[in-house]
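Here the structure comes first, spelled out in structure tokens, and everything after it is commentary.
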């Protein structure tokens, strides 16, 4: 069989281009796999103390509507992202016991567990005020916007700014930044439900929830 030289050269050139392209693709894929946006644009998580000073006057009934609203918002924030105990500190005076009892009762009414409330007095607290504190975590987002090398693609690698916006948005939107450091503990399991499922499984019965006929989709619907 006779093969024309021109066809042989075309076939050889095509094979060479294919090998070169495959080599570039392999290097590029390897570089992309090694590029970690979380490592290049890390989110910094640090503890942060949240405090609230509430004016309080025993003789006039305690809290104003504005102070009541602020206290409610403070308790809601503690329930959503607070860690450790919530402390109530009153001035060292004759009304301290009454003030601490009132604030403890209100916090419990807003959903804060009594076991997580610490109460005490401190001479540094301003007269006529009660201070509340708890610890939370803050996530600091990386600074983005470096577009200096947007036209430089000789290395065939992602830009330095790649992934920064995603990291920034995650830091801003996360409900509890501590979740970025360590996972939360699992809640208690439902032993009754687990036992029932095991009994059904061992008996060869269906373990899934029953579905109404109208909720089952058919091919062609």
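Side notes on the structure shown:
- Annotation for segment 185-204: no member residue is part of a loop (DSSP other than H, G, I, E, B), surrounded by 10 or more Cβ atoms within 10 Å (Cβ to Cβ) and either in contact with a helix residue (DSSP H, G or I) (Cβ under 9 Å, 6 or more places away or on another chain) or at pLDDT 85 or above (or both).
- Hey, residue 77 at pLDDT 90 or above, surrounded by 13 or more Cβ atoms within 10 Å (Cβ to Cβ) and out of contact with any strand residue (DSSP E or B) (no Cβ under 6 Å at 6 or more places or on another chain) or not: yes
- The lone exception for residue 126 - which of (1) assigned to a loop (DSSP other than H, G, I, E, B); (2) surrounded by 14 or more Cβ atoms within 10 Å (Cβ to Cβ) it fails: (2)
- Subset tally (residues that are touching a residue at least 24 places away in the same chain (Cβ under 8 Å), in contact with a helix residue (DSSP H, G or I) (Cβ under 8 Å, 6 or more places away or on another chain) and closer than 27 Å to residue 177 by Cβ) for segment 107-135: 7
- Test: residue in segment 153-164 that is farther than 30 Å from residue 68 by Cβ, at pLDDT below 90 and not in a loop (DSSP other than H, G, I, E, B): yes
The values are calculated or read from the model by the stated rules, or taken from the named source; none is laboratory data. All of these numbers come straight from a predicted model, not from anything done at the bench. Positions of Cβ are generated from backbone atoms using ideal geometry, with glycine treated the same way; all protein chains shown enter the neighbour counts.
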